[in-house]
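Working notes, beginning with the structure itself.
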Amino acid sequence: MKDTIEKSMEQMEKDKQQALDRALTAEELTAIAQARAENAEDKARNLKERLLAMEEKLKKAKEIQEKTMEEIRNKKNRIETIQSQTVSLSSAISVLEAKSETLKAAQKELMTLEEQMEAVDQEKQRKFAEMEAEIARTREMSIKREQEMVAKLEELNQKSEKLRQMTSKQSKK
């Protein structure tokens, strides 16, 4: 019976040691799980902060996009105004060219009238030269405005492409 009690005691001691080992293992596992949970919480906070930062960047990008679109609309309106002015200038050039042709015809008629030729001829030649100079200036202005319009259109296209690239980059993020 003593042997049975000793065996029982030994068994109880083993069971107790195993229970202590299991409790220690459970505590270690709990500590590991706690560390993992804290790490996961840190990562979640970090991700949330990054998400907020990305949302702020997206908001700023949208504001920039709206401002850029407004600038594009304004520049488009300016281009339309310039185009309208160019049409007006072209019309004025046509009128001036027609007047130039009329002056040339009048000059030929005056040349046939020899008694008035001297005084009238000098005056008409002066007016003709002024008219051609005006036509040349008007043409130069028209060409200059057209070049400015082309440059502005290229600038708008570049800004539009940059905006598309920025929007594309923001969308990918």
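The values are calculated or read from the model by the stated rules, or taken from the named source; none is laboratory data. These figures come from a predicted structure and were not determined experimentally. Glycine also receives a Cβ, built like all others from the backbone with ideal geometry; neighbour counts cover every protein chain displayed.
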Residues being loosely packed, with under 12 Cβ neighbours inside 10 Å and either over 24 Å from Lys76 (Cα atoms) or among the aliphatic types (A, V, I, L, M) (or both) - total across segment 126-142: 6
Within segment 148-173, tally of residues that are surrounded by fewer than 10 Cβ atoms within 10 Å (Cβ to Cβ) and in contact (Cβ under 8 Å) with a residue 60 or more places away in the chain: 1
Some residue of segment 107-124 being at pLDDT 90 or above and surrounded by 11 or more Cβ atoms within 10 Å (Cβ to Cβ): no
